[in-house]
1. Tally the residues that are in contact (Cβ under 8 Å) with a residue 40 or more places away in the chain and surrounded by 15 or more Cβ atoms within 10 Å (Cβ to Cβ), restricting the search to region 194-203.
2. Could you figure out which of (1) within 21 Å of residue 10 (Cβ to Cβ); (2) modelled with pLDDT of 95 or more; (3) surrounded by fewer than 18 Cβ atoms within 10 Å (Cβ to Cβ) isn't true of residue 191?
3. Just to be sure before I move on: is residue 231 surrounded by 19 or more Cβ atoms within 10 Å (Cβ to Cβ), on the phi > 0 side of the Ramachandran plot and in contact (Cβ under 8 Å) with a residue 40 or more places away in the chain in the structure I sent?
4. Inside region 208-225, can you point out the residues that are under 29 Å from residue 159 (Cβ atoms) and surrounded by fewer than 20 Cβ atoms within 10 Å (Cβ to Cβ)?
5. Checking the conditions here, which among 39, 18, 91 is in contact (Cβ under 8 Å) with a residue 60 or more places away in the chain, surrounded by fewer than 20 Cβ atoms within 10 Å (Cβ to Cβ), over 18 Å from residue 212 (Cα atoms) and within 19 Å of the chain's Cα centre (by Cα)?
6. Give the residue that is nearest to residue 14 (Cα to Cα), with candidates limited to residues of region 27-36 that are buried (at least 17 other Cβ atoms within 10 Å of the Cβ) and touching a residue at least 60 places away in the same chain (Cβ under 8 Å).
7. If you check every pair at least six apart or on different chains, which have Cβ atoms under 7 Å apart with a residue in region 156-178 that is more than 20 Å from residue 114 (Cβ to Cβ) first and a residue that is loosely packed, with under 14 Cβ neighbours inside 10 Å second?
8. Only one of (1) more than 18 Å from the chain's Cα centre (by Cα); (2) farther than 22 Å from residue 217 by Cβ; (3) surrounded by 19 or more Cβ atoms within 10 Å (Cβ to Cβ) is not met by residue 49, so which one is it?
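The values are calculated or read from the model by the stated rules, or taken from the named source; none is laboratory data. Quick caveat: nothing in here was measured; it's all calculated off a predicted structure. Positions of Cβ are backbone-derived with ideal geometry, glycine not excepted, and every protein chain shown enters the neighbour counts.
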C-alpha cells in the first residue's frame, strides 16, 4: 500500500492532563501546522472540559479535534457520561474508543467498545478503535490472538460503510519508553490490515492504522515509515507543542 494512501494521521491523546492555560499549547500546534504546505492530518483529543474551548478557539485552523470516550446511548440517566451526539454538537470529529486504559482501568469489554463504536458512527464521528496486547501476552506469543479477538469483538458491521481508524498500542510500550522492533510493528499492522480487508473489503484496505506507544520526535520518522503504519496515536509527547510538532514535522514534505 502506498504511504500516501491513506493520508497520514497524527493524533494527540492528552488523557487526564491539562488546564485552561494549556490551550496555548494547542494554539502553538495550530500555528505550526498552518505553516506547512503539505503535511499530515493532525488531531488533538484534550480532556472533556477543554474540548469545547479548544474547538471554539481554533475553529478556523487546520486542526481536528476529538474526544477520549463516549457513552453508547444518545441521552439518558447516565450521570457523568457524555454521548457521541453531545460530542458532535461541540464540533468534535473523532472519538478514541477502547483505549487500554479504559479496557483495563474501567473493565470495558469488547462488546461495550463495539456499542460505543456504533454510537460514534450514528452521531457522525470517526471512531479510533484501540487494540493491543499486554507484556505477558507478547512474551507468550499471544499478540495475534489477543488483537484478533479485540478486532472481532469491537468492530461492528456498520464499519463496512463508515470511516474508522484502528490504533495498535502494545500496552507494554505505553508511557514506558519501550518500543517494539520495526519488524514486530510491521507484522502486527500487516495482520490487522489483512483482517480489515477480509472483513470490510475496500474500506478495510484504506482504513488508517496508527501505531501508538512511546512515539517521540526522535523515533517518529522511523516508525511512520513502516509499511501499513498510517500515522501515530501520541500520548505524553502531544502535551507540549514542541514535541508534538517534532512528530508532525517528521511527515512534512514542504514548509511554507
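1. Summing the residues that are in contact (Cβ under 8 Å) with a residue 40 or more places away in the chain and surrounded by 15 or more Cβ atoms within 10 Å (Cβ to Cβ) in region 194-203 gives 5.
2. Here residue 191 clears every test but (1).
3. For residue 231, the condition - surrounded by 19 or more Cβ atoms within 10 Å (Cβ to Cβ), on the phi > 0 side of the Ramachandran plot and in contact (Cβ under 8 Å) with a residue 40 or more places away in the chain - is met.
4. 225
5. After applying the criteria, what remains is 18.
6. 29
7. 172/135; 172/178
8. The single condition residue 49 does not satisfy is (3).
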